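The values are calculated or read from the model by the stated rules, or taken from the named source; none is laboratory data. Predicted model only: the values in this text are computed from it and were never measured. Heads up, the Cβs are rebuilt from the backbone with ideal geometry, glycines too, and the neighbour counts pull from every protein chain shown.
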Amino acid sequence: MPSKYPAKYRIDLHINDDQSVMQNGKVYGYKVFLVGPPDDEWGNKILQEAMRIKCIMNK
């Protein structure tokens, strides 16, 4: 079991900067949005991803 398992807490999207967390998300089936180096658009990118996931979950 990974040290971070957001599904346990009913979290639909985990935001992190660690590639290993992204890999754990693929293995354990939770959604991870990987943030990278300083990016002026990071807030908008996270909001877009959250809206994308919300649309998928409402189907």
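Any residue in segment 28-37 that is of a type in the set (Lys, Arg) and in a helix (DSSP H, G or I)?
no
With the requirement that a residue be within 10 Å of the chain's Cα centre (by Cα) and under 20 Å from MET57 (Cα atoms), what does segment 1-17 give you?
Within segment 1-17, PRO6, ILE11, ASP12, LEU13, HIS14, ILE15 qualify.
Can you tell me which of (1) in contact with a Pro (Cβ under 6 Å, 6 or more places away or on another chain); (2) assigned to a helix (DSSP H, G or I) is the one CYS55 doesn't meet?
With respect to (1) in contact with a Pro (Cβ under 6 Å, 6 or more places away or on another chain); (2) assigned to a helix (DSSP H, G or I), CYS55 is out only on (1).
With respect to SER3, is the statement that it is at pLDDT 90 or above, exposed (fewer than 15 other Cβ atoms within 10 Å of the Cβ) and not hydrophobic (A, V, I, L, M, F, W, C) true?
For SER3, the condition - at pLDDT 90 or above, exposed (fewer than 15 other Cβ atoms within 10 Å of the Cβ) and not hydrophobic (A, V, I, L, M, F, W, C) - is not met.
What number of residues within segment 27-51 satisfy the criterion of being of a type in the set (Lys, Arg) and within 10 Å of the chain's Cα centre (by Cα)?
Looking only at that region, the number is 1.
Here's a check for you: in segment 38-58, which residue that is acidic (Asp, Glu) and over 18 Å from ARG10 (Cα atoms) is surrounded by the most Cβ atoms within 10 Å (Cβ to Cβ)?
Step by step, filter segment 38-58, then rank; the result is ASP39.
Within 13 Å of the chain's Cα centre (by Cα), modelled with pLDDT of 90 or more and in a loop (DSSP other than H, G, I, E, B) - does that describe any residue in segment 18-26?
Yes: one or more hits.
Are any residues in segment 12-37 farther than 14 Å from PRO2 by Cα, surrounded by 10 or more Cβ atoms within 10 Å (Cβ to Cβ) and out of contact with any strand residue (DSSP E or B) (no Cβ under 8 Å at 6 or more places or on another chain), and if so, which ones?
ASP12
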